[in-house]
Amino acid sequence: MKYALALAAVAALTLAACSQQGEAPQSAPDAPAAPAAPQPAPVTPTTVAGTITVEDAWCRPTPNGAKAGGCYVILTASETDTFKGVSFEGADMTQIHEMKTEGGVMSMAHLENGLPMPAGQRVELKPHGNHIMLMGLKAPLVAGQTAKITLDFDKAEDVTVDFQIRTPPVVGGEE
């Protein structure tokens, strides 16, 4: 019996020593585990090109064989402008897309005239909203890499930005 208690104590100490640094030890085996704090998504540095500020530029990774990918970014223009399009050497075609839901049906459409950018207002291209589509991908977008994408504006100079390729955090009921 003493041997079993000593073995249990050694096992408990070993498990405690192997826990991740900064992890709070549990006081009792019945105590519910604290939920893990959500890890913030890495944010790309802000790029300022003339009158345009570019923040958090990223693309979703694509599985092997996928020929289309989505990219997202936050843009702010100091003067009213229009985000007209993008170019990416790794794709045959690029477009700015609008997502909208009508009658319970979500649809996606190319914004042929671009995306208006009112002066001083953040314009966020994000999942389930307006976004950049890369079509005819020549290679998969791989997490941990970057994609050099050039953003084209009506008035401001074009700006080439390194878009991080990363998996977005799971939000709510998404999977």
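Every number in this text was worked out from the coordinates using simple rules, so none of it is lab data. Note that this is a predicted model, so its numbers are computed, not measured. Cβ coordinates were reconstructed from backbone atoms using ideal geometry, including for glycine residues, and neighbour counts include every protein chain displayed.
For this structure, a couple of remarks:
- Relative to the Cα centre, the charge distribution of the range 92-140, modelled as +1 at Lys and Arg Cβ and -1 at Asp and Glu Cβ, gives a dipole magnitude of about 160 debye.
- Using a simple spin-label model with pseudo-atoms 7 Å out from Cα toward Cβ, ASN113 and THR46 lie 3.1 nm apart.
- Placing a pseudo-label 7 Å from each Cα along the Cα-to-Cβ vector at ALA68 and LYS126 gives an inter-label distance of 2.2 nm.
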